[in-house]
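Some notes on the structure that comes next.
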Amino acid sequence: MSTPIFSASQFSIHPNPVKNRLYINATNPTANLKVKILNIEGKLIRTENLEIQDQTSIDVSNLKSGIYFLNIEDETGNVEVKKFIKE
């Protein structure tokens, strides 16, 4: 089973590495985003539903230091994955 992938990056994240808040920027305003945080082993840590006009943020202060993946899925099933480091 294949997952549709965005043809061009619609999202960017900063700062990376992050301490407390990870900011997500969108090139287009997007509603009904499903955002998943996964650890390096692929274990689901948290899921959030978000809407983004230009920028939004998520609190990652409770995560342990390490490498994580941010899986961003829009309402049509397109997926973009971003890697970030939690300090």
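List of remarks:
- Count of region 30-74 residues which are under 22 Å from Ser9 (Cβ atoms) and not β-branched (Val, Ile, Thr): 21
- Restricting attention to region 39-60, the residues being of a type in the set (Lys, Arg) and surrounded by 14 or more Cβ atoms within 10 Å (Cβ to Cβ) number 1.
- From Leu63, Leu22, residue being among the aliphatic types (A, V, I, L, M), surrounded by 10 or more Cβ atoms within 10 Å (Cβ to Cβ) and part of a loop (DSSP other than H, G, I, E, B): Leu63
- Scanning region 12-39 for residues that are under 14 Å from Lys83 (Cβ atoms), in contact (Cβ under 8 Å) with a residue 40 or more places away in the chain and among the hydrophobic types (A, V, I, L, M, F, W, C) yields Ile13, Val18, Leu22, Ile24.
- Region 29-55, subset in a strand (DSSP E or B) and of a type in the set (Lys, Arg), residue nearest to the chain's Cα centre (by Cα): Lys36
- Long-range neighbours under 7 Å by Cβ, at least six apart or interchain, first residue of a type in the set (S, T, N, Q) within region 52-70, second surrounded by 11 or more Cβ atoms within 10 Å (Cβ to Cβ) and assigned to a loop (DSSP other than H, G, I, E, B): Ser61/Asn20; Ser65/Glu87
Quick note: the coordinates plus some simple rules give every number you see, no bench work behind them. None of these values were measured; they are calculated from a predicted model. For neighbour counting, all protein chains shown are included, and Cβ atoms are generated from backbone atoms with ideal geometry for every residue, glycine included.
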